[in-house]
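The values are calculated or read from the model by the stated rules, or taken from the named source; none is laboratory data. Just so you know, these numbers come straight off a predicted model, no measurement behind them. Neighbour counts are summed over all protein chains in view; Cβ atoms, including those assigned to glycine, are modelled from backbone coordinates with ideal geometry. Only protein heavy atoms, including side chains, enter the accessible area calculation; ligands, DNA and RNA are left aside. Shrake-Rupley method; radii C 1.70, N 1.55, O 1.52, S 1.80 Å.
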Amino acid sequence: LSVVHRPGQGHLTAFALEAAAASLNYFTDYYDIAYPGDKIDLIAIPDFAFGAMENLGCITFREVLLLVDPEHATQPELQNVADVVAHELAHMWFGDLVTMAWWEGIWLNEAFATFMEMKATDSFKPEWNRWTNFGLSRTAAFDIDSLQATRAIEFPVESPAEAEAMFDVLTYEKGAAVVRMLEQFLGEETFREGIRAYLASHSYSNTETSDLWGALESTSGEAVREIMKTWIYQGGYPVVSIDDQGKLWQRRFSYGEQTDDSIWAVPIRLRDKAGAQHRVLLTDHSANSPLPTAEVVVLNHEGAGFYRSQLSAEQLDRIGHEGPGDLSAVERFGLLDDTWALVIAGRIELDQYFNLLAGFGEETDISVWQRIAGSLTTIDHLLDGDRRPAFAAFVSQLLRPAFDRLGKVSNRSETDEQLRLRGVLLGALGTVGQDHELRQFSRELHSSGAVDPALLAAAVNVIAATGDTAEFNDFLERFSEPDSPQDMQRYLYALADFPSVEHGIHMAELTLSERVRSQNGPYVLQRLLQNREVGVDVWQFVTTNWDEIIEKFPGNSISRMLAGVTALSTPELEVQVRSFLAAHEVPQGATKIQQHLERLATNTRFRARLADSTIPGDH
């Protein structure tokens, strides 16, 4: 097992080697099959269109996904390396030893490797609580799957463009989420027995999706094909609720007008007040719950089901007053995530969400605070300028006590999560919360070269959001002469957050120069488009330089760059975006473009509702 790198980077290889060895041991045990090769080279490539590629025994990576300095990297940066290394190694069995027969089955290769990367990382670093923070990436899949322009996970593939379209958030994150849902419903040991049987019987051959379901049916005795076909062959997902009569209901969740009558075979795990789990397979629009309504504490035990839960207004108000009780961290995250999605869809009033937030003042989990901070950031981005200072005061009132409990200075007894949480809260307070004291603190931290990577990374983002020309030039120099691939990427993307239009256009121009690698340029432009202050001007830059952008960047990255247009959420800008994209074909991106446009329309509607809503800080 070796890492291959450019000269001078040897000091950045130890963590990847440690993670790879741990993953290989984990997979050998999990699959009960020895690694099907005699060596593995992990190769760091400076400019690589894909994140990583699982050639048997010779895996290629972007440098930032393999080379890392643990002393100066944040925990998410370390986790990213561990995840990607584990993902590619999982493919040595699931993808290389056993290979899908045709491209429509690639979703299972990638979904299963994504699922297995989290199991391996969770085994390697259990203190990272990998399954809890999976909620954040699963939310991205929920967002796409909430659109009418979503797609089925598996669909017929007849062209290279259709094969390329497979490599998206629905394949990786939704696919992994439904595999996780199935594993938790069947039981982890039963599921693993099925995986072992599948690999053993199909080694060195090709398979279709149904072959895996058959193996899992044999070991579990459950109708796996019937359950999974509703998740694999139709797009979307349900929202589940329970009424006063103890009846469970499902309906398709959508950000737009709901005209679809789809149903799913929903593997539901309820939890009662005594902590006991109860399984029910909801195969129709409604079914009787195995528990009385008053006994149901959670509709989605440990958040493992790929569906949203909708609570009544009374339940939300009670949690807002009394707190979330004994819900686990992943369940608290799911409660907030589901409720926020229902707000975006216009199914729950915004004031109900703010009332719910009042119950989370004592929250300590980082994923929950990330969900809260994310929703507050969205609101801030869409608010008219004169409402922002009052809203910032509310944000500061909500988040500052949690930051003060941690304190500005870390100590050796703190967990990785506590270290990260301090950074998350500092970032939110220094940007959305407009906390002048913490903005100054961020600048002092940065100039001192603080040793806490999480806090330093947050300080970088706070400075960028409020920075001047001198700070812009300083970041530009740090990007140009980084100490590690993570340093380079951190300052590069932070440069897209500066509020000056002049700086924004300068960064846009740099993406078309040799100073920014073609693998990174599209994501810089995406972030610039999402910048509240410069997005409109950068959109004009994109349209003016469209031909050069298409020529310079990898074809599979153009539609990802255009995810930034979802932030251009005014009626006038929406018309401009739609008109331009209707006249300019995007390589390998027809479905993704429709998704971006639908999400843009959703954001435009939400902005309009927000303008008519009373929010904390309004008088």
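It is to be established whether one or more residues within segment 605-614 are crowded, with 21+ Cβ neighbours inside 10 Å and either closer than 19 Å to Tyr493 by Cβ or touching a helix residue (DSSP H, G or I) at 6+ places or on another chain (Cβ under 6 Å) (or both). Working first, answer last.
Keep residues of segment 605-614 that are crowded, with 21+ Cβ neighbours inside 10 Å, which gives 606.
Among the residues that remain, those that are also either closer than 19 Å to Tyr493 by Cβ or touching a helix residue (DSSP H, G or I) at 6+ places or on another chain (Cβ under 6 Å) (or both) are: 606.
Yes, some residue in segment 605-614 is crowded, with 21+ Cβ neighbours inside 10 Å and either closer than 19 Å to Tyr493 by Cβ or touching a helix residue (DSSP H, G or I) at 6+ places or on another chain (Cβ under 6 Å) (or both).
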Residue satisfying all of: in segment 575-589; free of Cβ contacts under 8 Å to residues at least 24 places away in the same chain and over 19 Å from Lys552 (Cα atoms); surrounded by the most Cβ atoms within 10 Å (Cβ to Cβ) among these: Arg578
Ser367 meets each of (1) open to solvent by 30 Å² or more (accessible area, probe 1.4 Å); (2) within 23 Å of the chain's Cα centre (by Cα) with one exception, condition (1)
With the checklist (1) open to solvent by 10 Å² or more (accessible area, probe 1.4 Å); (2) more than 23 Å from Phe253 (Cα to Cα) in hand, flag the one item Trp93 doesn't pass. (1)
Can you tell me which residue is nearest to Glu162 (Cα to Cα) among those in segment 87-125 that are of a type in the set (S, T, N, Q) and within 24 Å of the chain's Cα centre (by Cα)? Asn109
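Taking the criterion of being hydroxyl-bearing (Ser, Thr, Tyr) and surrounded by 15 or more Cβ atoms within 10 Å (Cβ to Cβ), would at least one residue in segment 260-273 satisfy it?
Here is the first cut: in segment 260-273, the ones hydroxyl-bearing (Ser, Thr, Tyr) are 262.
With the extra rule that they be surrounded by 15 or more Cβ atoms within 10 Å (Cβ to Cβ), the set shrinks to none.
Scanning segment 260-273 turns up no residue that is hydroxyl-bearing (Ser, Thr, Tyr) and surrounded by 15 or more Cβ atoms within 10 Å (Cβ to Cβ).
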Return the residues of segment 320-339 that are in a helix (DSSP H, G or I) and surrounded by fewer than 21 Cβ atoms within 10 Å (Cβ to Cβ); say none if nothing qualifies. Gly320, His321, Glu322
Tell me, please, whether a residue that is more than 22 Å from His278 (Cβ to Cβ) and crowded, with 22+ Cβ neighbours inside 10 Å can be found in segment 235-254. yes
Please specify each residue of segment 565-574 satisfying the condition of being open to solvent by less than 10 Å² (accessible area, probe 1.4 Å) and polar (S, T, N, Q). Ser569
Among (1) over 30 Å from Leu419 (Cα atoms); (2) under 26 Å from the mean Cα position of the chain (by Cα); (3) surrounded by 15 or more Cβ atoms within 10 Å (Cβ to Cβ), which single condition is Asp47 missing? (3)
Please state which of the following conditions Gly305 fails to meet, knowing it meets all the rest: (1) over 21 Å from Phe333 (Cα atoms); (2) surrounded by 17 or more Cβ atoms within 10 Å (Cβ to Cβ). (1)
Residues being closer than 24 Å to Ser500 by Cβ and either without any contact (Cβ under 8 Å) to a residue 12 or more places away in the chain or within 22 Å of the chain's Cα centre (by Cα) (or both): count how many of those fall in segment 536-557. 2
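Does segment 292-319 hold any residues that are in a loop (DSSP other than H, G, I, E, B) and within 24 Å of Gly361 (Cα to Cα), and which are they? Spell out the reasoning first.
Pass one, segment 292-319, residues in a loop (DSSP other than H, G, I, E, B): 292, 299-300, 304-307, 310-312.
Answer for segment 292-319, where residues must be in a loop (DSSP other than H, G, I, E, B) and within 24 Å of Gly361 (Cα to Cα): Leu299, Asn300, Gln310, Leu311, Ser312.
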Mind checking which pairs have a first residue in segment 490-509 that is farther than 12 Å from Phe479 by Cα and a second that is assigned to a helix (DSSP H, G or I) and at pLDDT below 95, Cβ under 7 Å, 6 or more apart or different chains? none
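If we scan segment 56-67, do we find a residue that is open to solvent by 40 Å² or more (accessible area, probe 1.4 Å), in a loop (DSSP other than H, G, I, E, B) and touching a residue at least 12 places away in the same chain (Cβ under 8 Å)? Walk me through it before giving the result.
Applying the first criterion (open to solvent by 40 Å² or more (accessible area, probe 1.4 Å)) to segment 56-67 yields 56, 58.
Applying the additional criterion that residues be in a loop (DSSP other than H, G, I, E, B) yields 56.
Retained after the next criterion (residues that are touching a residue at least 12 places away in the same chain (Cβ under 8 Å)): 56.
Yes, there is a match, as at least one residue in segment 56-67 is open to solvent by 40 Å² or more (accessible area, probe 1.4 Å), in a loop (DSSP other than H, G, I, E, B) and touching a residue at least 12 places away in the same chain (Cβ under 8 Å).
Which one is nearest to Ile33 (Cα to Cα) among residues in segment 191-204 that are of a type outside the set (Lys, Arg) and buried (at least 16 other Cβ atoms within 10 Å of the Cβ)? Show your work before the answer.
Pass one, segment 191-204, residues of a type outside the set (Lys, Arg): 191, 193-195, 197-204.
Filter once more, so that each one left must be buried (at least 16 other Cβ atoms within 10 Å of the Cβ): 191, 193-195, 197-199, 202.
Values: Phe191: 16, Glu193: 12, Gly194: 14, Ile195: 11, Ala197: 11, Tyr198: 11, Leu199: 8, His202: 12 Å.
Only one residue tops the list, namely Leu199.
Please find, within segment 269-308, the residue that is farthest from Trp131 (Cα to Cα) out of those that are hydroxyl-bearing (Ser, Thr, Tyr) and out of contact with any Gly (no Cβ under 9 Å at 6 or more places or on another chain).
So in segment 269-308, the residues hydroxyl-bearing (Ser, Thr, Tyr) come out as 283, 286, 289, 293, 307.
Now drop any that are not out of contact with any Gly (no Cβ under 9 Å at 6 or more places or on another chain), which leaves 283, 286, 307.
Details: Thr283: 27, Ser286: 29, Tyr307: 16 Å.
Within segment 269-308, the match that is farthest from Trp131 (Cα to Cα) is Ser286.
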Would you confirm whether or not segment 208-228 contains a residue that is open to solvent by 70 Å² or more (accessible area, probe 1.4 Å) and aromatic (Phe, Trp, Tyr)? no
Please go through (1) free of Cβ contacts under 8 Å to residues at least 40 places away in the same chain; (2) touching a helix residue (DSSP H, G or I) at 6+ places or on another chain (Cβ under 7 Å); (3) crowded, with 21+ Cβ neighbours inside 10 Å for Ser137 and return the number of the only condition it doesn't satisfy. (3)
Checklist (1) open to solvent by 60 Å² or more (accessible area, probe 1.4 Å); (2) within 27 Å of Glu514 (Cα to Cα); (3) free of Cβ contacts under 8 Å to residues at least 60 places away in the same chain applied to Gly10, failing item: (1)
Give segment 290-299 a look and list any residue that's touching a residue at least 24 places away in the same chain (Cβ under 8 Å) and open to solvent by 20 Å² or more (accessible area, probe 1.4 Å), or say none. Pro292, Thr293, Val296, Val297
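May I ask you to say which residue of Arg180, Arg151 is in contact (Cβ under 8 Å) with a residue 60 or more places away in the chain and crowded, with 23+ Cβ neighbours inside 10 Å? Give the steps one after another, and end with the answer.
On the way: Arg151 fails: crowded, with 23+ Cβ neighbours inside 10 Å.
None of the other options fit; the residue is Arg180.
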Residue under evaluation Asp244, criteria (1) closer than 30 Å to Arg605 by Cβ; (2) in a loop (DSSP other than H, G, I, E, B), criterion not met: (1)
Based on what the data block shows, is Glu164 acidic (Asp, Glu), within 30 Å of Thr602 (Cα to Cα) and open to solvent by 20 Å² or more (accessible area, probe 1.4 Å)? yes
